[in-house]
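Report on the following structure.
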Amino acid sequence: QLQASGGGLVQAGGSLRLSCAASGNIFSINVMGWFRQAPGKQRDLVAHITKAGNTNYGDFVKGRFTISRDNAKNTVYPQMNSLKPEDTAVYYCAAKEVIWAAYDYWGQGTEVTVSS
């Protein structure tokens, strides 16, 4: 089970930190990530991080976001800086056991709104 939190309303140029905590059968989870979906658009990868700390980011991030992970708490934190109105979307936490496989687990979305 994945519990996401941290969304909200922020002005352009501001920052938000999301969090996603995994519970239950978590020992097999390797990758934890975040996706986002704006109305009428496809779901895009924001960032993911492996248990070893290797990261990958969506092209639109361009150095603005940083994802980190606390393995002891089974929690992942995307720090989002320099937010733009186009970052407005519902953000979803996800996790998977195998790096090259599809995501196995999804959390509820948390809404991020960036005002201009």
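The values are calculated or read from the model by the stated rules, or taken from the named source; none is laboratory data. Please read all numbers here as calculations on a predicted model, not as lab measurements. The area values use the complete protein model at the heavy-atom level, side chains included, leaving out ligands, DNA and RNA. Shrake-Rupley method; radii C 1.70, N 1.55, O 1.52, S 1.80 Å.
Solvent-accessible area per residue in the chain equals 53 Å², computed with a 1.4 angstrom probe and all protein chains kept. Working value for the chain: equivalent-ellipsoid semi-axes of 23, 13, 13 Å, each the square root of 5 times a Cα gyration tensor eigenvalue, largest first. In the chain, carbon and sulfur make up what percent of the accessible area (probe 1.4 Å)? The C+S portion of the solvent-accessible surface of the chain is 49 percent. Entry note, the chain: relative contact order of 36 percent, from Cα contacts under 8 Å with a spacing of 6+ residues. For a straight C-alpha distance cut-off of 15 angstrom, the aspartates and glutamates reachable from K96 (same-chain residues fewer than eight places away being disregarded) are D104.
Considering all C-alpha pairs of segment 74-116, those separated by over 16 Å amount to 50%.
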